[in-house]
Amino acid sequence: MIRDKEDTLYRIAVSMTPGISAEVVRRMEEVGLSPYDFIESGMHELSSALNPGGIGVRFEKLAREEALSRARKELDFTERHGIRVYYLGDDDYPDRLGVIPDAPIVLYQLGATDMDAEHIMNIVGTRRNTAYAATFCEGFIKELSGYFPDAVIVSGLAYGVDSLAHIGALQNGLNTIAVVAHGLDTIYPAAHRDLARRILKTGGSIISEYPSGTTPFRRRFLERNRIVAALSDVTMIVESPIKGGAMSTANQAFSYSRDVIAVPGRVFDPMSEGCNHLIRTNKATLVMNVADLIEVSGWRPAGIAVKPRQRNLFPELEGEAKEIYELLRFSSDPVSVDHICQKTGIRIATLNPILTELEFDGIVTRYPGNRYSL
C-alpha cells in the first residue's frame, strides 16, 4: 500500500502514545477517528468519541504531542533504512496478526517477506539445545522444503533452536522471519549480526513492534513471543524445559487457537520436559516428521504425493493391547478411557501406560478429554 509521509507519521505517533492499545485503535476505526484526528483532537472531543465504547482512558494532549515529536524522529529512521511500517487496521497489515486481541499497533519490517504467505510456521525452543534438536531441525526443515518450497519459517533470532530454525531455512532456500524484542537499529544477540545479514540478503525479514532505541529486556521477549505465535499457522516446539520462552510461545499459540506441535523427547531429559508436558496435556500434537505437520495443519503440497507414515493397519498386538485395539477398531468416534476400562475390564493403572505406548507407536491418536481412536 502506498501511503504518504504524513499518514505514516501519525500512525507511528498513535503507537507511541501512552495507554494506547489494540482495543483503542479498533474503537477509533469504529467511530471513524483517523490517526491524525486522534493526535490533533482536543481532550473533550477525543473523550466524547472514544469513551462511549467503554475505553475509559484519557489521552492527555501533551502526551500526544510528545508522541508526535518522537514519531518524526522514528519516521526519519525508517525512511533512511528502508523500513516498512504496518498499522493495525490497514489493508496491508498482516492478516494472521491482525485478528489477535493484543495485536501490535504498528509493526516495523526490515526486508520484504510476505507475512501473509500461504504456509507460515514458527520453530522455537531452548537456547541450550542438544544434538538431538540440531539433528531434528536439520532433517525436518530439509524435508519441509521439498513439500513446501514457499514455506516461511518464523523464529526469534535467539541462541539455540531459534538459530537452528533460521539457519535451516537459509540452507534449504526457504524464507525466514526473525522477530526481535528491540528496535531495528540493533541486533541482539550481537553474535547473530551476520545471521541477520544473511536473512536479509536472501529475501527474509527482521521485524519488531518496537521503535529504534528500544533495548531488550525480559518482558519484551515475552511480548515478542505473541507475535511469533500469531504470525504462524503452526507453532513447533523442538526442545524446551518446563519453563521458558518457547513454552510461552506455545501457550500463546494455543490461546489463539493455532496448531501447536511438539517433538517428543526422553522422559528424564530436562530439555524435553516442556515438549512432553505439552503433548501430555493435549496442548500440542506429537510430531516426528512433515507428514505429521500436514496431518495437523491441513496444508496440502501442490503436485507432490505425501508419503504416508509407516503404519500397519492390523498390527501384531497381544494381550491387553490387542483388546484395546479391537475395541477402537469398531468404534466410529473417539472413545474415553473410562469407556475402554469398562468394556475391557483393564484397570486404569494398567490401561494408561498401554495407551501411551500405542500412541507413541502411531497406532492410536489421543484427543482432548482423554479420548482415543485408531
task: Quick one: dipole size for the chain, taken about the Cα centre, charges +1 on Lys/Arg Cβ and -1 on Asp/Glu Cβ, in debye to the nearest 20.
output: 900 debye
query: Along the positive direction of the dipole of region 103-210 (beta-carbon charges: Lys, Arg +1; Asp, Glu -1; about the Cα centre), which of F148, I105, A190 reaches farthest?
result: A190
task: Count the lysine pairs in the chain whose Cα atoms sit under 23 Å apart, keeping only pairs 8 or more residues apart in sequence or on different chains.
output: 7
message: If each DSSP helix of 4+ residues adds -39,500 (n - 2.57) and the sum is divided by the residues in the chain, what number results at 222 nm, nearest 500 deg cm²/dmol?
response: -13500 deg cm²/dmol
task: Divide the volume of the convex hull of the Cα atoms of the chain by its number of residues and quote the answer in cubic angstrom per residue.
output: 165 Å³
task: Would you please put 337-343, 69-75, 176-182, 138-144 in order of how densely packed they are, using the mean number of other Cβ atoms within 10 angstrom per residue and starting with the highest?
output: 176-182, 138-144, 69-75, 337-343
query: Under a 1.4 Å probe, what is the accessible area of the chain per residue, stated in Å²?
result: 48 Å²
Distance from region 285-304 to region 131-148 (C-alpha centre basis), Å: 13 Å
query: What spacing in nm lies between the two simple spin-label points modelled at S48 and D269, each 7 Å away from Cα in the Cβ direction?
result: 6.5 nm
- prompt: Which of M236, I261, G160 sits closest to the plus end of the dipole of region 136-291, meaning its Cα is farthest towards the positive end, when Lys and Arg get +1 and Asp and Glu get -1 on the C-beta?
  reply: G160
query: Taking square-rooted eigenvalues a ≥ b ≥ c of the alpha carbon gyration tensor, is region 104-185 rounded, prolate or oblate, where a/c under 1.5 means rounded and, failing that, a/b exceeding b/c means prolate?
result: oblate
Total formal charge among the other residues, if their Cβ is under 10 angstrom from that of G213, Lys/Arg +1 and Asp/Glu -1: 0
task: Could you check how many percent of all C-alpha pairs in region 44-149 are farther apart than 17 Å?
output: 74 percent
message: Please give me the summed charge of the neighbours of G274: other residues whose Cβ is under 12 Å from its Cβ, Lys and Arg +1, Asp and Glu -1.
response: 0
query: What is the extension gain from D114 to E65, computed as 0.36 nm multiplied by their sequence separation minus the C-alpha to C-alpha distance, in nm to one decimal?
result: 14.3 nm
statement: With all protein chains in place and a 1.4 Å probe, E209 shows an accessible area in Å² (nearest 10) of 40 Å²
- prompt: Ranked from highest to lowest mean number of other Cβ atoms within 10 Å per residue, what is the order of the peptides 158-171, 216-229?
  reply: 158-171, 216-229
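The values are calculated or read from the model by the stated rules, or taken from the named source; none is laboratory data. Being a predicted model, the structure only gives us computed values, none of them experimental. Counting neighbours? That spans all protein chains shown, and the Cβs are built from the backbone with ideal geometry, glycine included. Keep in mind that these areas ignore ligands, DNA and RNA; they rest on the heavy atoms of the full protein, side chains included. Shrake-Rupley method; radii C 1.70, N 1.55, O 1.52, S 1.80 Å.
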